[in-house]
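Asks: Before we start, here is the structure in question, set down as structure tokens.
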Amino acid sequence: LVSIVSYSQISWNAKVGMNMSNFTGDMDTDMRIGFNVGVGMEYQFSDMWSIQPSLMFTQKGAKQDEVKMNPMYLEIPVLAAARFAIADNQNIVVKAGPYFAYGIAGKCKVGDEKIDFFGDGDDQFGAKRFDAGLGVGVAYEINKFFIDLSGEFGLAKLADGDGAPKNMNFSIGVGYKF
């Protein structure tokens, strides 16, 4: 009986979306379009409160004149969520919490030349792989489908020094709950 009750509080989902990302700091950069895809879990404490950890593959970055930066991360957001029923099988979900990410790949394209975004060396851009910050979002659920609008504000510097850039990302996505 305990295992049945515990299992009923957990649900799984899959999601895909579009990112609009940029860097904060002294770099004068423009927004870059990317994507995200991943799976998530939701553990409900009550009808209203839950926690939503996910594992996402996300593409961030920015543009600056002819330079295009394209880092890709494995990201784990852990968001606390409040669900508000607005009609039968329709909910508004407001969520916030930290995210942790690790850069797994990425290129920095300068004209026709491509260099690695992460790491040190002559043929690398030199960005740090670890990223962390705060995420906020709102979702509209209809039965098992949902539309999600979220923002991420990086707290970890991508490079050393004063005014070093940090990630900033906004995304819109769709998903399905299992």
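Asks: Chymotrypsin sites (Phe, Trp or Tyr not before Pro), restricted to region 23-121: which are DSSP loop and have at most 15 other Cβ atoms within 10 Å?
Replies: Listed in order of number, the matching sites are Phe45.
Asks: Right, next: Considering the chain as a Gaussian network with a 10 Å cut-off on Cα pairs, which listed residue, Ser21, Ser46, Ser11, attains the greatest mean-square fluctuation?
Replies: Ser46
Asks: Same structure again: In whole Hz, what ³J(HN,Hα) sequence does region 58-70 give by Karplus (6.51, -1.76, 1.60; θ = phi - 60°), x for Gly and Pro?
Replies: 10, 10, 10, x, 6, 10, 8, 6, 8, 9, 10, 9, 9
Asks: List the residues, sorted by chain then number, that are 5 or more residues from Ala159 or on another chain and whose placed amide H is less than 5 Å from its amide H.
Replies: Long-range HN contacts for Ala159: Lys128.
Asks: What part of the accessible area of region 1-155, given as a whole %, is carbon or sulfur when the probe is 1.4 angstrom?
Replies: 63
Asks: May I ask you to evaluate 6.51 cos²θ - 1.76 cosθ + 1.60, the Karplus curve with θ = phi - 60°, for each residue of region 78-84 and list the ³J(HN,Hα) values in order in whole Hz, giving x for glycine and proline?
Replies: 10, 10, 8, 10, 10, 9, 10
The values are calculated or read from the model by the stated rules, or taken from the named source; none is laboratory data. Bear in mind that the values here come from a model prediction, so they are computed numbers and not experimental data. Cβ atoms come from the backbone with ideal geometry, glycine included; neighbour counts cover every protein chain shown. What goes into the accessible areas is simple: the full protein's heavy atoms, side chains included, and nothing from ligands, DNA or RNA. Shrake-Rupley method; radii C 1.70, N 1.55, O 1.52, S 1.80 Å.
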